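Everything on this sheet refers to the single structure shown next.
The values are calculated or read from the model by the stated rules, or taken from the named source; none is laboratory data. It should be emphasised that the depicted structure is a prediction, and the values quoted were computed from it without experimental measurement. Using ideal geometry, Cβ is built from the backbone for each residue, glycine included, and neighbour counts are taken over all protein chains shown.
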């Protein structure tokens, strides 16, 4: 255990300019994350922030955006199969990867092409 680090406050996922509405639809409406206000001094940069458990997910606008193909956040869920169906119904295809003992998982991509993993512990 690190004598300096105590946890993760947030992750940041990059998105192209003017994509906040798509981010709200995917991360907020589809995945059910609560949007939280950005600090006043950061609002001019665009993007939006969400709450995921006790951590935050920051969608940051990047002018020369390129989606993350390998790097990804891994979100834990309660009902993996139900989420999979919800994503399929919203036209977000998924792929299953090599299993990891003690957990089920699958990957999809957000509206911007970033790789996203969902895991459910057994």
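Numerical summary
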{"read-out": "Candidates 47, 7, 32 - the one that is closer than 18 Å to residue 87 by Cβ and either over 12 Å from the mean Cα position of the chain (by Cα) or surrounded by fewer than 15 Cβ atoms within 10 Å (Cβ to Cβ) (or both)", "value": "32"}
{"read-out": "Odd one out for residue 84 among (1) within 17 Å of the chain's Cα centre (by Cα); (2) crowded, with 16+ Cβ neighbours inside 10 Å; (3) within 25 Å of residue 7 (Cα to Cα)", "value": "(3)"}
{"read-out": "Residue match in segment 60-68 (condition: modelled with pLDDT under 95 and more than 16 Å from residue 27 (Cα to Cα))", "value": "yes"}
{"read-out": "Qualifying position, being out of contact with any helix residue (DSSP H, G or I) (no Cβ under 7 Å at 6 or more places or on another chain) and not in a helix (DSSP H, G or I), among 18, 35", "value": "18"}
{"read-out": "Selection count, segment 73-114, where residues are in a strand (DSSP E or B) and closer than 13 Å to residue 30 by Cβ", "value": "3"}
{"read-out": "Test: residue in segment 47-59 that is assigned to a loop (DSSP other than H, G, I, E, B) and in contact with a helix residue (DSSP H, G or I) (Cβ under 9 Å, 6 or more places away or on another chain)", "value": "yes"}
